[in-house]
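Bear in mind these aren't lab numbers, they're just calculated from the coordinates by the rules spelled out. What you see is a predicted model; the values in this text were computed from it and never measured. Note that each Cβ is placed from the backbone with ideal geometry, even for glycine, and that neighbours are counted across all protein chains shown.
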Amino acid sequence: MAPIEGIPNVIPSSEAKPEMPKATPEVADKVVTQIKHYFSDASLNHDEFLRKGIAKDDGWVSFEILARFNKLRQLMGLPDTSRAGKGNKGSQAFPAKDVITQLSTIVKEGLKEDDPLEIKEDNTAIRRKEAYEPSDEWFSNTVHVKGLPYGKEWAGMIDKLTEFFNGKGEVVLLRLRRNPKSKAFKGNLLVQYATKDQAEAAAKDDNLVFEEHKLETAMLPAYHDEKLAADEFIQPELRKPGASYPTFEEWCVAHGREPPPPLQAEKQKNKPAEKEPEFEVVPGVLVHFSGVNNDISIPQLKEAFGALGEVKFVEHEKDEDNGIVRFKEPVPEDFAEKNPELKIGDVVLKLKPVEGEEEKAFFERARQASANSRANKRTSHNNGGHRNKRYRK
């Protein structure tokens, strides 16, 4: 079973088939092998996602999380939607319960006593028996390979490449190098062997040909030093552990080149924070009402109170018989005397002005609701139906 590069892609459970495909012994063996690979030192050295996972909960990683990994789902015969378009509304769903159950069952039955992993008693999670210790050894055991076509990838390519390079030793990790912007495969590989001797043997072979492509190999430390001596920018995947490197922007400035325009995420991060608009607090604009029920909608409340003045918004919590209406302008001092009640159909609402601490509390709730709305970038308002703590203009 070939090691898989980088951080596993994650996909939603909403795409899972209703009926789970049965796992053959061959499939189960591949799933267990892949799980063991994910938790291996070689993979964890380059897998920030899973490193963060094992740093929590005493090293346990739930099968709910693992069931989202595309490679495992592919092996189990489930659909891989990692390349689904942005319009995929189900992209954030959790894996189906049957996917999680089958995965945990496969792993539990497939692990042996001497394997480096163990299952939680309730079968919900898995962890390493020995704690992960970061190592820099991978750098000396890695071969840089180039010569494959730029941008060309196909199903099973990594498996075939791993099988090919296993002819020179035990491959523990194979990674594709990608264009930092487009993420296209650059045609270059990083092949990590179990030992430095195996890596050196592979790097010395001048006659490596993979599917009619002549390959050029070099030990990663030597390739790194060559790029450094040529004063080229060192990409992150080529960097020596513990060494310090300039960012690409810093490197461009130092070499008299125009730095590339920042990506959208960087633009947003560097964009000055917009000043939060002040929330308007106007005394005397609030009126408390009681006697309402869930059959009366927000539009009905607004229409009824509109006969008394221009309504700015209404606050009403579902299943409560009372709420508050905010008018645009302060109500007259004799409002309660002249308008003690308001009739909506067969329902009679009791009215009274909101003052003092109750008034202060309302504006604090409204201010917080407004701040949350901006934070969530809500751009539309729905006037229908009762909702919890409804503020509607």
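What the table below lists for this structure:
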{"quantity": "Charge sum, other residues only, whose C-beta stays under 11 Å from Lys214's C-beta, Lys/Arg counted +1 and Asp/Glu -1", "calculated": "-3"}
{"quantity": "Protection proxy ranking of 179-187, 124-132, 98-106 - average other beta-carbon atoms within 10 Å, highest first", "calculated": "98-106, 124-132, 179-187"}
{"quantity": "Dipole in debye (nearest 20) - segment 137-258, about Cα centre, beta carbon charges: Lys, Arg +1; Asp, Glu -1", "calculated": "320"}
{"quantity": "Members of Lys160/Lys181; Lys120/Lys196; Lys112/Lys186 lying beyond 30 Å, as alpha-carbon distances in this model show", "calculated": "Lys120/Lys196; Lys112/Lys186"}
{"quantity": "Highest average packing first - 34-45, 195-206, 229-240, Cβ atoms within 10 Å", "calculated": "34-45, 195-206, 229-240"}
